[in-house]
Amino acid sequence: MSDPTRFILNESDLPRFWYNIQADSPIPPQPVLRPDTLEPVTPDFLSVLFPMELIMQEVSTERFIQIPDEVREIYKLYRPTPLLRARRLEKALGTPAHIYYKNEGVSPAGSHKPNTAIPQAFYNKIAGTKALTTETGAGQWGTALALAGNFFGIDVEVYMVKVSYQQKPYRRVMMETYGARVFASPTDQTNYGRSVLASDKNNPGSLGIAISEAVEVAATSGGKKKYSLGSVLNHVLTHQSVIGEEALKQMDMADEYPDVVIGCIGGGSNFGGIAYPFLRENLKNGRKTRLLAVEPTAAPSLTKGVYTFDYGDTARMAPVVKMYTLGHSFVPPSIHAGGLRYHGMAPSISAFYDAGLIDAIAVKQKPAFEAAIQFARAEGIVPAPESAHAIRAAIDEALDAKAKGEKRVILFNLSGHGNFDMGAYEAYLGGKLEDYEYPVEAVHAAMEELPKVRIPA
Ligand SMILES: *Cc1c(COP(=O)(O)O)cnc(C)c1O
């Protein structure tokens, strides 16, 4: 075994703890505000939407949080996930760089999202929740929550962004296979959905609108239904830390350490999941790994947005947090990487980016698909359009290393497979895919609708 390709951990290596970056963050946390009063939220307010255990994790500064046995049992269906060295891609690029990828596409849902869906369903189950409501863009999060709800006997209602609902009928069928109910958002089932349709009956939907609908249903259920969010929040990024914790061990097996860690970024969960354990090593153990978040030019919250307080959803029902945002009324162009179409960004990622502890770039849709095809032809896996953004950046790093004649160790997160995204690949292969660049003027116009928050110094 002189040239191993796959680095496989044993079941007994499955992490027993999630890593919570808040324990090591050099940046004081910013307040989370009620959308109605703009005063700091209380557990009371949040408990309408979330079970207490998740609220505690949201504000926790404990470094390691124990993973319940019930969650580890289900993780074992697909974790630890493999780390691969992309030897064939390296050869195709003729690069001296070593490229590694963590394959989160092996989960039953096809992405990293079950890593948080499973514990969220578990904590809701033990809190007595009967049903969970949520939104989904590309369908990955809805699938993950449908899977997890099914395991714990909780009903799941998914508000799916209408354009994705139309582009990806089989994602809907997969959610229904696990027992979930799926609605094309904006729907006529909620006050907010009806108000959107009244002013624009062809509205293609957005994550912000779908979140508003799912939140409304939970908030008006008299406590029977809670709401579940697949990204952005601290507890979600904490659950995703299993990716990076495993990857640290696997890089050790490979006897290498990454110079750069790359992830695509929508709300920030798969990037935070792989990057935060490496950020800990940077902060505490003198490592100097570059952490690179890759977003689409169609929804460039980090590279073009403003770091300020904004609502988490379009209807202004979700809490107000400090983050990089394009404005809560932002409706992104209908790119195929549906999971990256969010107006904001995880507050922790935003804070680290603002402090210069992580880097970000934006990538156009066509070059992302070009990289995805190159990866598929070299490594065999058809990546999710979201993950294609990370692959673009990884390939560009490898080509840069080649140009400079450097050996560089590159690690990226393959956040999901693209087996349900054949419509997108068909469009790309047929020359029908367009690039979108979000105009900065629109961002500035959207800033006028921001909440007028005054934080005491
Ligand atoms: C949802 C999703 C993303 C984007 O969400 P993050 O929270 O930023 O990780 C990326 N890749 C895949 C495959 C997804 O399903």
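The values are calculated or read from the model by the stated rules, or taken from the named source; none is laboratory data. These numbers come from a predicted model, not from an experiment. Neighbour counts run over all protein chains shown; Cβ positions are idealised from the backbone, glycine included. Note: accessible area is taken over every heavy atom of the protein model, side chains too, but ligands, DNA and RNA are not part of it. Shrake-Rupley method; radii C 1.70, N 1.55, O 1.52, S 1.80 Å.
Couple of notes before you dig in:
- Scope the stretch 376-405; condition within 16 Å of the ligand (Cβ to nearest atom), assigned to a helix (DSSP H, G or I) and small (Gly, Ala, Ser); matching residues: Ala376, Ser387, Ala388, Ala390, Ala393, Ala394
- Of the listed requirements (1) within 17 Å of the chain's Cα centre (by Cα); (2) of a type in the set (Ser, Thr, Tyr); (3) more than 15 Å from the ligand (Cβ to nearest atom), Thr289 misses just one: (1).
- When the stretch 259-269 is filtered for residues that are surrounded by fewer than 24 Cβ atoms within 10 Å (Cβ to Cβ) and either assigned to a loop (DSSP other than H, G, I, E, B) or near the ligand (Cβ under 6 Å from one of its atoms) (or both), only Asp259 remains.
- The stretch 120-130, subset open to solvent by less than 10 Å² (accessible area, probe 1.4 Å) and either in contact with a Phe, Trp or Tyr (Cβ under 8 Å, 6 or more places away or on another chain) or aliphatic (A, V, I, L, M) (or both), residue nearest to the ligand (Cβ to nearest atom): Ala121
- Selected residue (only one of Ala293, Ala315, Ala254, Ala298 is surrounded by fewer than 24 Cβ atoms within 10 Å (Cβ to Cβ), closer than 17 Å to Leu340 by Cβ and not assigned by TED's automatic domain parsing to the domain that holds Val156): Ala298
- Residue count for the stretch 406-456 under the criterion of being at negative phi and in a loop (DSSP other than H, G, I, E, B): the result is 24.
- The listed residue being within 14 Å of the ligand (Cβ to nearest atom) and open to solvent by 10 Å² or more (accessible area, probe 1.4 Å), out of Ser221, Ser231: Ser231
- Entry remark, the stretch 131-166: residues being of a type outside the set (A, V, I, L, M, F, W, C) and within 16 Å of the ligand (Cβ to nearest atom) number 11 in total.
- Val331 farther than 23 Å from Gln365 by Cβ and either polar (S, T, N, Q) or more than 12 Å from the ligand (Cβ to nearest atom) (or both): no
- Restricting the stretch 328-341 to residues that are within 26 Å of Leu433 (Cα to Cα) and open to solvent by less than 20 Å² (accessible area, probe 1.4 Å), the residue that is modelled with the highest pLDDT: Leu340
- Note on the stretch 163-198: residues that are under 20 Å from Asp421 (Cα atoms) and open to solvent by less than 40 Å² (accessible area, probe 1.4 Å) amount to 10.
- Condition check for Ala371: farther than 30 Å from Lys452 by Cβ, within 16 Å of the ligand (Cβ to nearest atom), open to solvent by less than 20 Å² (accessible area, probe 1.4 Å) and of a type in the set (A, V, I, L, M): yes
- The sole residue among Pro35, Pro4, Pro40, Pro82 that is under 20 Å from the mean Cα position of the chain (by Cα) and not acidic (Asp, Glu) is Pro82.
- Filter result for Gly272 (touching a strand residue (DSSP E or B) at 6+ places or on another chain (Cβ under 9 Å), within 13 Å of Ile358 (Cβ to Cβ) and within 16 Å of the ligand (Cβ to nearest atom)): yes
- Spans of helices (runs of 4 or more DSSP H) in the stretch 159-225 with at least 2 residues assigned by TED's automatic domain parsing to the domain that holds Thr129, under 27 Å from Tyr123 (Cα atoms) and charged (D, E, K, R): 169-177, 207-219
- Unique residue being closer than 17 Å to Gly263 by Cβ, in contact (Cβ under 8 Å) with a residue 40 or more places away in the chain, away from the ligand (no atom under 12 Å from the Cβ) and outside the structural domain of Met174 (by TED's automatic domain parsing) when the list is Asp359, Asp435, Asp354: Asp359
- Of the strands (runs of 3 or more DSSP E) lying entirely inside the stretch 20-114, those containing at least 1 residues that are open to solvent by 10 Å² or more (accessible area, probe 1.4 Å), within 16 Å of the ligand (Cβ to nearest atom) and in contact with a strand residue (DSSP E or B) (Cβ under 6 Å, 6 or more places away or on another chain) span 98-103.
- Evaluation of Val215 against (1) β-branched (Val, Ile, Thr); (2) open to solvent by less than 10 Å² (accessible area, probe 1.4 Å); (3) modelled with pLDDT of 95 or more (one fails), failing number: (3)
- Residues located in the stretch 122-131, provided they are in contact with a helix residue (DSSP H, G or I) (Cβ under 6 Å, 6 or more places away or on another chain) and in contact (Cβ under 8 Å) with a residue 40 or more places away in the chain: Phe122, Tyr123
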